[in-house]
Amino acid sequence: MDVTTHTHLYADRRARVAASLGPGGIAIVPTALERPRNRDTDFLYRHDSYFYYLTGFTEPNAWLVITAEGSTTVFCQPKDVEREIWDGIRLGPEAAPEHLGVSDAFSVAELDKRLPKLLENRHTVWYPFATHEGLESRVNGWLQPVRARVRFGALCPESQRDLCGVLDELRLVKDAFEQDTMRRAAQISAKAHIRAMQRSAAMLRAGQDVREYHLDAELLHTFREHGSQYPAYGSIVAAGANACVLHYRADAAPIRSGELVLIDAGCELDGYASDITRTFPANGTFTGPQRDLYDLVLASQIAAVKATRAGARFVDPHEATVAVLAQGLLDVGLLDKNKVGNAQDVIANRAYFQFYMHRTGHWLGMDVHDCGSYVEPSELGTAQERKDPLSGEIIKDRPSRILRPGMVLTIEPGLYVRPADGVPEKFWNIGIRIEDDAIVTETGCELISRGVPVEASEIEALMRG
Ligand code: GLY
Ligand code: MN
Ligand code: MN
């Protein structure tokens with residue numbers, strides 16, 4: 001993406017940060033470090049999300065400094081013909097002010113020389129705490145020369161504050177440009193899921209040895225084919241019982257006719273993640289017990305979608321999911337009402353937890369598990385204590401976040417049935433999750449990932465094709 005066409009967006013975000021710093025404030029935001037993978041080869045580089053949010057700039061070795069008065073300085077890699085032959089073209093500090101819309105730019109080699117000057121006579125220095133290894137000592141290192149100049153009349157910042165909260169609140173509500181990018185990311189991921197489903201059925205029909213990596217290959221192909229830079233997280237392609245391992249990765253297990261396949265995969269596009277899960281029959285046709293559980297998970301997702309709208313709380317979709325699952329688990333016989341009571345008891349005692357042990361969603365944005373407080377900031381002071389029925393732990397419940405238009409979250413209920421006493425054998429090793437990405441609107445939510453079908457009969461029709 002060409003950052004220059006959206007310079008105003010980044011300038012606007014920097015101005016909002018500047019306005020949050022208070023008199024005499026200054027903020028420092030580094031991008032991510034390059035990480036060695038082996039010997040002299042690095043992991044594929046991924047910029048820092050905060051830095052990117054404020055600059056749109058994806059080169060490594062870069063820093064942003066913002067003052068409360070709104071001046072902005074970038075430190076970036078200097079032009080260097082020899083390095084550029086090996087590693088690619090650099091923007092360079094000469095072109096950076098115009099390209100990025102910042103007031104000043106210098107070579108990153110000047111960082112240690114210039115930062116003490118920028119910090120001198122400032123009141124508060126802000127930076128993201130506990131996110132960049134060594135940043136705290138870097139900042140202290142820049143403050144030392146400032147302190148040494150106090151006897152010449154210089155003022156040294158008196159406080160250091162965490163910038164994460166300010167940035168997290170800004171990032172939590174996605175603007176129209178971000179929403180558009182996320183829609184496009186979700187559309188690409190939806191195509192990838194369709195392609196993987198169809199490949200599974202086609203290979204089994206042809207009598208081929210299907211492995212999880214075959215379907216992973218389809219995902220990667222589709223992501224790159226449509227311009228995504230990389231997967232937003234390690235893709236899960238889980239055949240049969242592997243679906244009950246929540247953080248399973250695409251590996252080499254065989255995909256067998258009669259089993260379900262769970263794929264949790266989403267691409268990252270221009271810095272924004274998508275996150276979709278579909279569970280489908282490897283050969284294209286659900287068995288009876290698979291279909292019963294699938295329809296139950298889908299019903300719980302539909303309830304969660306209905307509970308997602310501006311003014312509702314983040315926890316509402318989860319509670320709607322749990323209500324449907326609790327009743328459904330009793331109806332299908334996964335839970336025995338003689339042992340666990342009715343649906344209210346199942347909820348109160350968390351008896352569903354044996355089969356549903358994660359939350360129904362999370363914020364989605366630049367990071368797949370995006371930043372943003374799950375507690376309503378206007379009600380921070382009110383907390384209620386309760387005893388967890390399973391662990392006996394005392395838990396402090398703070399009021400869940402009130403949803404606002406432009407927040408983006410996943411809605412991802414599931415059921416995971418491990419073999420156990422009292423669990424009907426026909427359900428053993430079935431793992432199902434259905435995950436979609438939702439933009440909160442005034443009246444409800446927009447599901448941006450439904451380019452891949454979710455109804456069992458639609459999935460079957462698609463896999464016949
Ligand atoms: N793929 C990670 C998640 O669904 O949260
Ligand atoms: Mn996921
Ligand atoms: Mn997710």
- prompt: Relative contact order of region 399-447: what whole-number percent is it, with Cα pairs under 8 angstrom and at least 6 residues apart?
  reply: 43 percent
- prompt: Under DSSP H, which helices of the chain have Cα atoms covering 30 Å or more of the helix axis and a Kyte-Doolittle average no less than -0.5?
  reply: 176-205
- line: At R0 = 35 Å the Cβ-Cβ FRET efficiency linking residue 180 and residue 217, nearest 0.05, sits at 0.75
- request: State to the nearest 20 debye the size of the charge dipole of the chain about its Cα centre, where the only charges are +1 on K and R beta carbons and -1 on D and E beta carbons.
  value: 400 debye
- request: Would you list, by chain and number, the aspartates and glutamates whose Cα falls below 19 Å from the Cα of residue 306, excluding same-chain residues fewer than 8 positions away?
  value: 295, 316, 319, 412, 435, 436, 437, 442, 446, 455
- request: For residue 339, go through the lysines and keep the ones whose alpha-carbon is under 19 Å away, minus same-chain ones fewer than eight residues off.
  value: none
message: Loop-only GluC sites (Glu not before Pro) in region 389-465, please: DSSP not H, G, I, E or B, and at most 14 other Cβ atoms within 10 Å.
response: 393, 442, 455
query: Using a basic spin-label model with each label point 7 Å from the Cα along Cα→Cβ, how many nm lie between residue 384 and residue 342?
result: 2.1 nm
Residues of type lysines that residue 387 reaches as a straight line, Cα spacing below 20 Å, ignoring anything fewer than 8 places off in the same chain: 396
- request: Between the alpha-carbon centers of region 318-360 and region 422-465, tell me the distance in whole angstrom.
  value: 19 Å
message: Compute the distance from the alpha-carbon center of region 158-177 to that of region 207-250, in whole Å.
response: 33 Å
Relative contact order (%) - criterion: Cα under 8 Å, at least six apart; region: the chain: 13 percent
field: Simple Cβ-charge dipole of region 271-336, Lys/Arg +1 and Asp/Glu -1, about Cα centre, in debye nearest 20
entry: 280 debye
- prompt: Rg and Dmax of region 307-465 over Cα atoms: what are they, in angstrom?
  reply: 17.6, 56
- request: Evaluate the relative contact order of region 146-296 (contact order divided by residue number), counting alpha-carbon pairs under 8 angstrom at least 6 apart; express in whole percent.
  value: 23 percent
- prompt: Which loop trypsin sites (Lys or Arg not before Pro) in region 61-113, with loop taken from DSSP, have no more than 15 other Cβ atoms within 10 angstrom of their Cβ?
  reply: 79
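Coordinate-derived values only; no laboratory data. Note that the coordinates shown come from a computational prediction; the quantities given were computed from them, not determined experimentally. Ideal geometry is used to build each Cβ from the backbone, glycine not excepted, and the neighbour counts take in all protein chains shown.
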